[in-house]
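Worksheet for the structure shown next.
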Amino acid sequence: MTGYSTKENVNNINIPHLHFGMQLIFDESQKDGVNQIWIDVYQIIEFLRKNKSEVIREDNDTKDYVRKYDMIDPSICE
């Protein structure tokens, strides 16, 4: 629930929540490096949430699928 043990709940967070990260690796020498860049992914998550869509088979021969609904351009919506 907090990422800490019950003895180390220093943030007093008592509700379930999720932390996740994104690691950008441009070459293999960075894979195990100690340098980290933290980004706020809230806008990415909101964009994905607003653009959920079913997929439908576009072509039976190639078995290609496409989104049923187009993506919403964030520059023209709220």
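A few remarks follow.
- Test result for ILE39, modelled with pLDDT of 75 or more, among the β-branched types (Val, Ile, Thr) and not in a strand (DSSP E or B): no
- Against the criterion of being modelled with pLDDT of 70 or more and either assigned to a loop (DSSP other than H, G, I, E, B) or over 25 Å from ILE72 (Cα atoms) (or both), LEU48 does not qualify.
- Candidates are the residues of segment 17-36 that are over 30 Å from LYS68 (Cα atoms) and of a type in the set (Gly, Ala, Ser); the one that is modelled with the highest pLDDT is SER29.
The values are calculated or read from the model by the stated rules, or taken from the named source; none is laboratory data. Here the structure is a predicted model, which is why all the values come from computation and not from measurement.
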